[in-house]
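The values are calculated or read from the model by the stated rules, or taken from the named source; none is laboratory data. Source: prediction; values computed, not measured. All Cβ positions, glycine included, derive from the backbone under ideal geometry; neighbour counts span all protein chains shown.
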Amino acid sequence: TLDDLDAIRAAATRYTAAARTGVQMAPIGLVVGGGLLGLEAARAMQLLGLAPHVVELAPRLMPEQVDEGGGALLRELIEATGVTVHVGTSVTSIQRGGDGELLATLADGTRLPAAVVVFSAGVRPRDQLARAAGLAIGERGGVLVDDGCRSSDPDIYAVGECACIGGRVYGLVAPGYTMAEVLADQLSGGAASFAGADTSTRLKLLGVDVA
């Protein structure tokens, strides 16, 4: 929420002010999750004056989008921007010290004192309204729809990140646009169906193209 963003900015400001006076090194901004949004969050931390560290459980960054070779190249490009990357490990604990700073411990034994910790570990569909209405829900959440974006109620459709289509909830904007086109055709008497969507992405804040 916007309140979360204000809190992140306030915490970063509190710690970077001390660093600017020479009292300490640039404090760490820890991001848990090395997907698209996690890497964007790392850049945002950097812009706030923090030293970003990204922790990803998978053996490579953006594991949903790139293979092993692409992941190795992506890591090289990301680290060249000043982001420290930890892959193939997870955060096992986060404790608060007496000075208010957080201490994160990774599964590989690494200990990271952090000013801010941000979790970016997957998209969860906001399907509460559909649940309350008794609509069918996907196995991992989301309004279950057919290839025409129609829910279990023939008069209700769903598109975007709240929809589970083909057994998948997409956390990208392009598939949402495709679903909207399908729905527009359906509502105007057509027979369009969702056959997948473009899932290529761009790391906008980091300036790294990922194809």
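Considering the conditions (1) part of a loop (DSSP other than H, G, I, E, B); (2) of a type outside the set (Lys, Arg); (3) surrounded by 12 or more Cβ atoms within 10 Å (Cβ to Cβ), Ala191 is excluded by exactly one of them, (3). Within region 107-123, not a single residue is under 30 Å from Ala192 (Cβ atoms), touching a strand residue (DSSP E or B) at 6+ places or on another chain (Cβ under 8 Å) and not β-branched (Val, Ile, Thr). Every listed requirement among (1) charged (D, E, K, R); (2) under 19 Å from Glu64 (Cβ atoms); (3) loosely packed, with under 13 Cβ neighbours inside 10 Å is met by Arg168 save one, (3). Filtered by the rule that a residue be in contact with a Ser or Thr (Cβ under 8 Å, 6 or more places away or on another chain) and farther than 15 Å from Asp209 by Cβ, region 65-93 gives His86, Thr89, Val91, Thr92, Ser93.
Which members of region 92-111 meet the condition of being surrounded by 14 or more Cβ atoms within 10 Å (Cβ to Cβ), of a type outside the set (Asp, Glu) and modelled with pLDDT under 95? Scanning region 92-111 gives a single hit, Leu102.
Applying the condition of being assigned to a helix (DSSP H, G or I) and touching a Leu at 6+ places or on another chain (Cβ under 7 Å) to region 63-78 and asking which residue is farthest from Met45 (Cα to Cα) yields Gly71.
Only a single criterion out of (1) free of Cβ contacts under 8 Å to residues at least 60 places away in the same chain; (2) on the phi > 0 side of the Ramachandran plot is not satisfied by Ser90, namely (2). Looking only at residues in region 172-185 that are surrounded by fewer than 18 Cβ atoms within 10 Å (Cβ to Cβ) and touching a Gly at 6+ places or on another chain (Cβ under 8 Å), which one is modelled with the highest pLDDT? Among them, the one singled out is Ala180. Applying the set (1) farther than 30 Å from Leu74 by Cα; (2) in a loop (DSSP other than H, G, I, E, B); (3) modelled with pLDDT of 95 or more to Thr89 leaves exactly one unmet item: (1).
Among the residues of region 11-62, those identified as part of a loop (DSSP other than H, G, I, E, B), of a type in the set (A, V, I, L, M, F, W, C) and at pLDDT 90 or above are Leu48, Leu50, Leu57, Ala58, Leu61, Met62.
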